[in-house]
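The values are calculated or read from the model by the stated rules, or taken from the named source; none is laboratory data. Here the structure is a predicted model, which is why all the values come from computation and not from measurement. Positions of Cβ are generated from backbone atoms using ideal geometry, with glycine treated the same way; all protein chains shown enter the neighbour counts. Ligands, DNA and RNA are excluded from the accessible area calculation, which covers all protein heavy atoms including side chains. Shrake-Rupley method; radii C 1.70, N 1.55, O 1.52, S 1.80 Å.
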Amino acid sequence: MTDDRERWNEKYSTDEEFELPDDPIPELRRRIDTLPTGRALDVATGTGRNARFLAGEGYDVDAVDVSDEAIDRAAQAADREGVDVNWIRSDIDDFEFERDAYDVITVSFFAALDRIPDITAALAPDGVLVYEHHLRSSDDIDIGPSSDRYRYPSNHLLHACLGLTILHYEERTRLDDEGRTQAVATLVGRNSTGGAQSYPQLSE
(Lines give C-alpha, C1' and ligand atoms only; values in the text may rest on other atoms or scores of the structure.)
Protein backbone atom coordinates (compact mmCIF):
# COMPACT_ATOMS: atom_id res chain seq x y z
CA MET A 1 0.00 0.00 0.00
CA THR A 2 2.86 2.38 0.79
CA ASP A 3 4.19 2.17 -2.78
CA ASP A 4 0.73 2.87 -4.27
CA ARG A 5 0.13 5.72 -1.86
CA GLU A 6 3.48 7.33 -2.66
CA ARG A 7 2.95 6.87 -6.40
CA TRP A 8 -0.50 8.47 -6.36
CA ASN A 9 0.54 11.25 -3.99
CA GLU A 10 3.37 12.12 -6.38
CA LYS A 11 1.03 11.99 -9.37
CA TYR A 12 -1.46 14.37 -7.76
CA SER A 13 1.33 16.66 -6.56
CA THR A 14 3.65 16.88 -9.57
CA ASP A 15 1.92 15.69 -12.75
CA GLU A 16 0.51 18.87 -14.29
CA GLU A 17 -1.18 16.90 -17.09
CA PHE A 18 -3.08 14.67 -14.66
CA GLU A 19 -6.50 16.25 -14.34
CA LEU A 20 -9.69 14.60 -13.13
CA PRO A 21 -13.14 15.82 -14.13
CA ASP A 22 -14.99 17.82 -11.50
CA ASP A 23 -18.49 16.71 -12.48
CA PRO A 24 -19.93 13.35 -11.42
CA ILE A 25 -20.42 10.40 -13.75
CA PRO A 26 -22.96 11.69 -16.31
CA GLU A 27 -25.20 8.63 -15.91
CA LEU A 28 -25.18 9.12 -12.13
CA ARG A 29 -26.43 12.67 -12.51
CA ARG A 30 -29.00 11.58 -15.10
CA ARG A 31 -30.43 8.86 -12.86
CA ILE A 32 -30.12 10.46 -9.44
CA ASP A 33 -33.88 10.95 -8.99
CA THR A 34 -34.49 7.24 -9.65
CA LEU A 35 -31.87 5.89 -7.23
CA PRO A 36 -32.58 4.62 -3.72
CA THR A 37 -31.74 7.10 -0.99
CA GLY A 38 -29.62 6.45 2.11
CA ARG A 39 -25.96 5.48 2.25
CA ALA A 40 -23.46 5.79 -0.61
CA LEU A 41 -19.89 4.68 -1.20
CA ASP A 42 -17.48 6.21 -3.72
CA VAL A 43 -14.66 3.76 -4.51
CA ALA A 44 -11.28 5.30 -5.44
CA THR A 45 -12.84 8.72 -4.99
CA GLY A 46 -9.91 10.76 -6.33
CA THR A 47 -10.85 14.40 -5.80
CA GLY A 48 -14.32 13.35 -4.71
CA ARG A 49 -16.52 14.38 -7.62
CA ASN A 50 -19.06 11.57 -7.15
CA ALA A 51 -18.90 11.68 -3.36
CA ARG A 52 -19.48 15.43 -3.21
CA PHE A 53 -22.37 15.21 -5.67
CA LEU A 54 -24.04 12.42 -3.68
CA ALA A 55 -23.55 14.30 -0.40
CA GLY A 56 -25.18 17.32 -1.98
CA GLU A 57 -28.14 15.11 -2.88
CA GLY A 58 -28.60 14.11 0.76
CA TYR A 59 -26.72 10.80 0.91
CA ASP A 60 -24.65 9.68 3.90
CA VAL A 61 -21.41 9.19 1.95
CA ASP A 62 -18.24 7.19 2.57
CA ALA A 63 -15.43 7.83 0.08
CA VAL A 64 -12.21 5.82 -0.04
CA ASP A 65 -8.89 6.45 -1.78
CA VAL A 66 -5.27 5.45 -1.24
CA SER A 67 -3.86 8.93 -1.87
CA ASP A 68 -3.47 11.45 0.95
CA GLU A 69 -3.16 14.22 -1.63
CA ALA A 70 -6.40 13.21 -3.36
CA ILE A 71 -8.33 12.98 -0.09
CA ASP A 72 -7.02 16.38 1.02
CA ARG A 73 -8.12 17.97 -2.25
CA ALA A 74 -11.50 16.27 -2.05
CA ALA A 75 -12.05 17.37 1.55
CA GLN A 76 -11.14 20.98 0.71
CA ALA A 77 -13.59 20.96 -2.21
CA ALA A 78 -16.31 19.50 0.03
CA ASP A 79 -15.71 22.22 2.60
CA ARG A 80 -16.07 24.89 -0.09
CA GLU A 81 -19.32 23.32 -1.23
CA GLY A 82 -20.65 22.87 2.31
CA VAL A 83 -21.16 19.09 2.10
CA ASP A 84 -20.14 16.36 4.54
CA VAL A 85 -18.31 13.21 3.43
CA ASN A 86 -16.58 10.52 5.48
CA TRP A 87 -13.16 10.40 3.79
CA ILE A 88 -11.30 7.09 4.23
CA ARG A 89 -7.63 6.63 3.38
CA SER A 90 -7.15 3.03 2.26
CA ASP A 91 -5.85 0.97 -0.61
CA ILE A 92 -8.86 -0.55 -2.37
CA ASP A 93 -7.07 -3.92 -2.31
CA ASP A 94 -7.11 -3.78 1.50
CA PHE A 95 -10.47 -2.08 2.02
CA GLU A 96 -13.09 -4.05 3.95
CA PHE A 97 -16.38 -3.65 2.11
CA GLU A 98 -19.34 -3.72 4.49
CA ARG A 99 -21.92 -6.25 3.28
CA ASP A 100 -25.45 -5.14 2.36
CA ALA A 101 -24.60 -1.61 3.46
CA TYR A 102 -24.88 0.86 0.59
CA ASP A 103 -27.83 2.04 -1.47
CA VAL A 104 -25.55 3.55 -4.12
CA ILE A 105 -21.94 2.68 -4.97
CA THR A 106 -19.93 4.60 -7.56
CA VAL A 107 -16.65 3.72 -9.24
CA SER A 108 -15.11 5.93 -11.89
CA PHE A 109 -11.92 5.38 -13.86
CA PHE A 110 -10.51 2.79 -11.48
CA ALA A 111 -9.72 -0.78 -12.58
CA ALA A 112 -11.34 -2.97 -9.93
CA LEU A 113 -12.78 -6.01 -11.68
CA ASP A 114 -11.15 -8.32 -9.16
CA ARG A 115 -13.11 -6.57 -6.38
CA ILE A 116 -16.47 -6.64 -8.12
CA PRO A 117 -17.74 -9.53 -5.94
CA ASP A 118 -16.98 -7.50 -2.80
CA ILE A 119 -18.37 -4.29 -4.29
CA THR A 120 -21.64 -5.90 -5.33
CA ALA A 121 -21.92 -7.71 -2.00
CA ALA A 122 -21.72 -4.29 -0.32
CA LEU A 123 -24.93 -3.20 -2.06
CA ALA A 124 -28.08 -3.19 0.03
CA PRO A 125 -31.12 -4.95 -1.46
CA ASP A 126 -32.11 -2.92 -4.55
CA GLY A 127 -28.92 -0.89 -4.17
CA VAL A 128 -27.40 0.42 -7.40
CA LEU A 129 -23.84 0.35 -8.73
CA VAL A 130 -22.80 3.08 -11.17
CA TYR A 131 -19.43 2.24 -12.73
CA GLU A 132 -17.54 3.99 -15.51
CA HIS A 133 -14.12 3.11 -16.86
CA HIS A 134 -11.76 3.55 -19.79
CA LEU A 135 -11.98 1.13 -22.72
CA ARG A 136 -9.43 -0.29 -25.08
CA SER A 137 -10.15 1.19 -28.49
CA SER A 138 -8.76 1.32 -32.02
CA ASP A 139 -9.95 4.94 -32.27
CA ASP A 140 -7.67 7.91 -31.67
CA ILE A 141 -8.08 8.63 -27.94
CA ASP A 142 -6.79 11.78 -26.27
CA ILE A 143 -7.10 10.94 -22.58
CA GLY A 144 -6.94 7.93 -20.30
CA PRO A 145 -4.27 5.40 -19.33
CA SER A 146 -1.36 5.15 -21.75
CA SER A 147 -1.33 1.36 -21.41
CA ASP A 148 -4.17 -1.01 -22.31
CA ARG A 149 -3.32 -2.84 -19.11
CA TYR A 150 -5.46 -0.33 -17.23
CA ARG A 151 -8.26 -0.20 -19.83
CA TYR A 152 -11.09 -2.74 -20.03
CA PRO A 153 -11.63 -4.87 -23.12
CA SER A 154 -15.10 -4.77 -24.62
CA ASN A 155 -17.83 -6.27 -22.39
CA HIS A 156 -15.49 -7.14 -19.51
CA LEU A 157 -17.24 -4.75 -17.13
CA LEU A 158 -20.63 -6.04 -18.24
CA HIS A 159 -19.72 -9.70 -17.72
CA ALA A 160 -18.23 -8.97 -14.30
CA CYS A 161 -21.55 -7.49 -13.14
CA LEU A 162 -24.04 -10.00 -14.53
CA GLY A 163 -25.03 -10.95 -10.99
CA LEU A 164 -26.86 -7.60 -10.93
CA THR A 165 -29.91 -6.50 -12.88
CA ILE A 166 -28.36 -4.42 -15.66
CA LEU A 167 -30.32 -1.20 -15.99
CA HIS A 168 -27.90 0.43 -18.42
CA TYR A 169 -24.74 -0.51 -20.26
CA GLU A 170 -22.94 1.18 -23.12
CA GLU A 171 -19.51 1.46 -24.66
CA ARG A 172 -18.71 4.59 -26.63
CA THR A 173 -16.34 7.41 -27.38
CA ARG A 174 -17.24 10.87 -26.15
CA LEU A 175 -15.72 14.30 -25.72
CA ASP A 176 -14.85 15.73 -22.33
CA ASP A 177 -15.42 19.37 -21.36
CA GLU A 178 -12.22 20.37 -23.15
CA GLY A 179 -13.08 18.56 -26.38
CA ARG A 180 -10.75 15.62 -25.81
CA THR A 181 -11.83 12.15 -26.95
CA GLN A 182 -12.14 9.28 -24.50
CA ALA A 183 -13.45 5.73 -24.83
CA VAL A 184 -15.58 4.66 -21.87
CA ALA A 185 -17.81 1.84 -20.66
CA THR A 186 -20.69 2.86 -18.40
CA LEU A 187 -22.72 0.41 -16.33
CA VAL A 188 -25.68 0.83 -14.00
CA GLY A 189 -26.64 -2.35 -12.16
CA ARG A 190 -29.16 -3.04 -9.40
CA ASN A 191 -28.91 -5.63 -6.62
CA SER A 192 -32.16 -7.35 -7.49
CA THR A 193 -33.34 -10.65 -8.96
CA GLY A 194 -36.42 -12.09 -10.61
CA GLY A 195 -38.01 -12.37 -14.01
CA ALA A 196 -40.49 -9.55 -13.54
CA GLN A 197 -39.07 -6.40 -12.01
CA SER A 198 -39.83 -2.70 -11.86
CA TYR A 199 -37.67 -0.42 -13.99
CA PRO A 200 -37.24 3.34 -13.56
CA GLN A 201 -38.63 5.61 -16.23
CA LEU A 202 -36.11 8.22 -17.29
CA SER A 203 -36.69 11.56 -18.93
CA GLU A 204 -34.70 11.81 -22.14
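For the chain, the carbon plus sulfur part of the accessible surface works out to 41%, probe radius 1.4 Å.
Across segment 135-140, coupling constants 3J(HN,Hα) worked out from phi with the 6.51/-1.76/1.60 Karplus curve, θ = phi - 60°, read 10, 6, 8, 8, 6, 6 Hz, and Gly and Pro carry x. Backbone amide hydrogens, once placed in the peptide plane, bring Leu135 within less than 5 Å of Tyr152, Ala183, Val184, Ala185, excluding anything fewer than 5 places away on its chain.
Taking the alpha-carbon centroid of each part, what is the distance from segment 150-179 to segment 23-79 in angstrom? Answer, in whole Å: 19.
Keeping every protein chain in place, order Arg89, Arg80, Arg49 by accessible area at 1.4 Å, biggest value first, i.e. largest first.
On the way: Arg89 110, Arg80 180, Arg49 20 Å².
Descending order: Arg80, Arg89, Arg49.
Helical content alone sets the calculated 222 nm signal of the chain at -7000 deg cm²/dmol, taking -39,500 (n - 2.57) per DSSP H segment of four or more residues and averaging over every residue. With only Lys, Arg, Asp and Glu charged, each at its Cβ (+1 for the first two, -1 for the last two), find how big the charge dipole of the chain is about the Cα centre; round to the nearest 20 debye. Dipole size: approximately 740 debye.
The mean sequence distance of close C-alpha pairs (under 8 Å, at least 6 residues apart), as a share of the length of segment 84-183, puts its relative contact order at 24 percent.
Defining a contact as two alpha carbons under 8 Å apart and six or more residues distant in sequence, what relative contact order in percent does the chain show?
Details: 381 pairs, mean separation 35.8, N = 204.
So the answer I get is 18 percent.
Of Thr37, Thr45, Thr173, the residue with the largest accessible area leads and the full order is Thr37, Thr173, Thr45 (1.4 Å probe).
Put simply, the amide H of Ala112, placed in the peptide plane, has no neighbours under 5 Å, leaving out anything fewer than 5 places away on its chain.
Please state the equivalent ellipsoid semi-axes for the chain: what are the square roots of 5 times the Cα gyration tensor eigenvalues, largest first, in whole Å?
Numbers: eigenvalues 120, 89, 57 Å².
After diagonalising the Cα gyration tensor, the semi-axes are 24, 21, 17 Å.
Accessible surface calculations at 1.4 Å, restricted to protein heavy atoms, place segment 30-110 at 42 Å² per residue.
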